[in-house]
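Beneath this line is the structure, given in structure tokens, with notes to follow.
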Amino acid sequence: MSMKVRGAVLLARKSFVIRQFGEEGWNKVLDAIPVEEKQVLSSMIIHAGWYPFELGEELDQIIVKVLGKGNPRVFEEIGAQSAVDNLNGIHQTFLTPGDPQAFMKQARSIYKFYYDTGSRTYDQTGPTSGVMTTHNAETLSAVDCLTVIGWYRTGLEMCGAKNVRVKEVKCRAKGDAACEYHFNWG
């Protein structure tokens, strides 16, 4: 059985593409996607629905190729926009204004809203720092890790953190046993 992601993940990518590149950009992405995946992405994507991780991975690769000019860093921007959209909407309850650590300590619960296998932990290492680790995800994607960086950086900023720095020090897509992110802010 394949790992699944919420429709919110796919919708965040679609929303970002349309905001940054217009409907024409989204149509370019759809034109580059294989027919079966195109049918799913052209239909009504349900925010809370579950979709194959591979569909999101295919979409990611096409966005990088067609719109990102080969630069996968565009996914940090997608993650940031997803955080703004979701944390100002359906997942607003995760925000803890004035308490960035409390926000980060919800990493386990937040993960379960977006992925159906694996888990995520967060360990505070100082008053304005910590380590977040993703464990046992069935599938892996380096660009998905970039969306995580953008999403959590923006979420921290929405909670009042300043000068947020995130460094991915381990990545399953690069052969490590888990994905590990180090966070620091002012």
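Read-outs: derived from the displayed coordinates by stated rules, not from any lab. This structure is a prediction, so every number in the text was calculated from the model and none was measured.
Some notes on this structure:
- Fully extended contour minus Cα-Cα distance, from GLU36 to GLU54, at 0.36 nm per residue: 5.3 nm
- Look at the alpha carbon pairs under 8 Å that are at least 6 residues apart: their mean separation over the length of the chain gives a relative contact order of 23 percent.
- For the range 76-184, taking Cα atoms only, Rg and Dmax work out to 12.8, 37 Å respectively.
- Theoretical ellipticity at 222 nm over the chain - DSSP helices of four or more residues, -39500 (n - 2.57) apiece, nearest 500: -15500 deg cm²/dmol
- Mean separation of Cα pairs under 8 Å and 6 or more residues apart, divided by the residue count, gives the range 4-72 a relative contact order of 46 percent.
- Diffusion constant of the range 4-72 at 20 °C, which comes from Stokes-Einstein with the Kirkwood Cα-pair radius and 1.002 mPa s, µm²/s: 180
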